[in-house]
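Structure first, commentary second.
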């Protein structure tokens, strides 16, 4: 089983949640670290270990970013990382599988299942200090899940005058991964 290490500069997570009952607000997290044990010929034995720095959250609005980093939501001072460790893998198609494991946000662990698409692999250059040290084998993955933010202690909300809430409870998460096979 090959081990693949995330390329932090080419791996990112996006979250999106309903706002004011009418639209979606999106945010991004970059510089994601992790690894995958993965064999494209036998993905059923795969496992993944991910760590996301919550302090690097960006939604495009400085005030909102501060609120999301604060104690009402991620509380990055106390909980600087989100982690996912999963090794229960179910093959659902040639390049699609589910990985179930423990998602930890704000120190709260919940079981979560990622719907993963394997995008393929390619021999590529690998630049270090302006010199090609390749070739390196890269693989791409997209993982998606939906969580209830309340399950992780992120219960802040406001009610609107005619009903409805300011922030939806369901958070859609997409992680785009570019990983390098370790030799």
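What the table shows:
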item: Subset tally (residues that are over 19 Å from residue 114 (Cβ atoms) and touching a residue at least 12 places away in the same chain (Cβ under 8 Å)) for region 158-183; result: 10
item: Scan of region 1-36 for residues that are more than 17 Å from the chain's Cα centre (by Cα) and either closer than 11 Å to residue 176 by Cα or surrounded by 14 or more Cβ atoms within 10 Å (Cβ to Cβ) (or both), ordered by number; result: 2, 3, 18, 19
item: Selected residue (criterion: farthest from residue 45 (Cα to Cα)) from residues of region 91-109 that are surrounded by 13 or more Cβ atoms within 10 Å (Cβ to Cβ) and touching a residue at least 24 places away in the same chain (Cβ under 8 Å); result: 106
item: Subset of region 121-132 [in contact (Cβ under 8 Å) with a residue 24 or more places away in the chain and part of a strand (DSSP E or B)]; result: 121
item: Residue in region 129-145 that is farther than 30 Å from residue 39 by Cβ, surrounded by 16 or more Cβ atoms within 10 Å (Cβ to Cβ), out of contact with any helix residue (DSSP H, G or I) (no Cβ under 6 Å at 6 or more places or on another chain) and at pLDDT 95 or above present; result: no
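The values are calculated or read from the model by the stated rules, or taken from the named source; none is laboratory data. Computed from a predicted model, the values in this text were never measured in an experiment. Cβ coordinates were reconstructed from backbone atoms using ideal geometry, including for glycine residues, and neighbour counts include every protein chain displayed.
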